[in-house]
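Enquirer: Structure provided below as structure tokens; questions to follow.
The values are calculated or read from the model by the stated rules, or taken from the named source; none is laboratory data. Predicted model only: the values in this text are computed from it and were never measured. Glycine gets a Cβ as well: all are built from the backbone with ideal geometry, and neighbour counts include every protein chain shown. The accessibility values were calculated without ligands, DNA or RNA, using every heavy atom of the protein model including side chains. Shrake-Rupley method; radii C 1.70, N 1.55, O 1.52, S 1.80 Å.
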Amino acid sequence: MIAITGANGNLGKATIHFLLKKVPPTDIIAIVRNPEKLTGSHIENVKIRKADYNNRVELEKALKGVTTLLQISATSTGETGRQQEKNVVLAAKAAGVKRIVYTSSLKPKSNAHFLATHQAMATEQEILQSGLAYIFLRNSLYMEVIPGLIGSTIETKEIRYPSGDGRVSFVSRLDIAEALASILIGCEHDNQIYEITGDTAYSFAELAQLITEEKSDIKINHTDISEKIFREELTNYQMPSDVVDLLASMASGIKYNEFSYTDKTLERILHRKPLALAEYIKSL
Ligand SMILES: NC(=O)c1ccc[n+]([C@@H]2O[C@H](COP(=O)([O-])OP(=O)(O)OC[C@H]3O[C@@H](n4cnc5c(N)ncnc54)[C@H](OP(=O)(O)O)[C@@H]3O)[C@@H](O)[C@H]2O)c1
């Protein structure tokens, strides 16, 4: 039996879609905090169990009878996020889960600027300490975050982002989901750590060039604004301060090349080339 946390999110839904091509729906448990929100044909006949990351008792109950757990990283950050991810690991251990597949951060290091990387490192440690079999998919940034990062670039002809010359090996979230589905059905990946990236890393100036080539007849430029101005602009959009901190830390992580590593593991798992960034940009 395979269970997926965050099953109502983008990655969870997509993974279920690919998993249903490999196993019957009755072998899949979608763990969600709001079952009434889980709709769509992809979910038909999949078992649904309710659990909030904040509730260890609910989580343990939802994980009964599960062999393999896909633990999708939490959206919460700070102490709350860490505790939520720890709750999932402790509940999995208590419920008798055999293996945890966890979506982690690319090439984590203790001096990382990106705040979520520290959460991922703490959860990796929890999983290692649990003694369960593990597979860590250390993902680079999703291509699908690009529209949020560049805002209304096509109209303004400018990407305002404090990333300096730092590069990102953007990877398609759908490709990650397809790889996860392959990994979840066997045990040959046990105790492996995979760095999951696109083929090529791009600076934001190169991203602007790509958007110019694929989407615009007028040149789009990258303007490397300061972190201070970036924070002020986000705050002016009424963003809560913890979200501003997270987004500023991500930009800083990009600037210092925390997402620039490239690796062929995804291609090996998929038995094909991952989606190229140009193709993704074309599809926008
Ligand atoms: N590498 C990247 O570029 C990148 C970018 C964004 C996020 N991420 C990470 O990757 C993960 C998956 O991405 P995604 O696009 O699938 O995110 P997503 O669409 O935001 O999905 C997150 C899921 O987590 C669930 N969730 C949040 N708080 C919960 C709680 N307290 N208890 C139970 N479930 C809870 C949400 O449930 P509801 O549907 O009920 O709200 C949602 O279904 C994210 O959670 C985040 O950690 C990575």
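Every residue, every condition in (1) part of a strand (DSSP E or B); (2) within 9 Å of the ligand (Cβ to nearest atom); (3) open to solvent by 10 Å² or more (accessible area, probe 1.4 Å); (4) free of Cβ contacts under 8 Å to residues at least 40 places away in the same chain, yes or no:
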| residue | (1), (2), (3), (4) |
| --- | --- |
| SER73 | no, yes, yes, no |
| SER76 | no, yes, yes, yes |
| ARG82 | no, no, yes, no |
| LYS107 | no, no, yes, no |
| GLU126 | no, no, yes, no |
| GLN129 | no, no, yes, yes |
| LEU149 | no, no, yes, yes |
| GLY164 | no, no, yes, no |
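Enquirer: Give THR77, THR117 a once-over and let me know the one that is among the hydroxyl-bearing types (Ser, Thr, Tyr) and modelled with pLDDT of 95 or more.
Expert: Unique residue meeting the criteria: THR117.
Enquirer: If you don't mind, there's one more thing I want to ask. Residue by residue through the range 185-239, note down the ones that are of a type in the set (Lys, Arg) and in contact (Cβ under 8 Å) with a residue 40 or more places away in the chain.
Expert: At the first step, the residues of the range 185-239 found to be of a type in the set (Lys, Arg) are 215, 219, 228, 231.
Of everything in the range 185-239, those that are of a type in the set (Lys, Arg) and in contact (Cβ under 8 Å) with a residue 40 or more places away in the chain turn out to be LYS215, LYS219.
Enquirer: As an exercise: evaluate GLY65 against (1) more than 15 Å from THR103 (Cβ to Cβ); (2) open to solvent by 10 Å² or more (accessible area, probe 1.4 Å); (3) part of a helix (DSSP H, G or I); (4) not aromatic (Phe, Trp, Tyr) and give the number of the one condition it does not meet.
Expert: (3)
Enquirer: Right, here's the next one. Checking the condition of a type in the set (Val, Ile, Thr) and open to solvent by less than 10 Å² (accessible area, probe 1.4 Å), which residue from ILE28, ILE43, ILE48 passes?
Expert: Exactly one residue qualifies, and that residue is ILE28.
Enquirer: Of all residues in the range 1-25 being more than 9 Å from the ligand (Cβ to nearest atom) and of a type in the set (Lys, Arg), which is surrounded by the fewest Cβ atoms within 10 Å (Cβ to Cβ)?
Expert: LYS21
Enquirer: Give, as residue ranges, the helices (runs of 4 or more DSSP H) completely inside the range 179-284 that count at least 1 residues that are under 21 Å from LEU115 (Cβ atoms) and aromatic (Phe, Trp, Tyr). If you could, list the steps in order and put the result at the bottom.
Expert: Numbers: elements: 204-215, 227-236, 241-255, 265-270, 277-283.
Of the helices (runs of 4 or more DSSP H) lying wholly inside the range 179-284, those with at least 1 residues that are under 21 Å from LEU115 (Cβ atoms) and aromatic (Phe, Trp, Tyr) span 204-215, 227-236.
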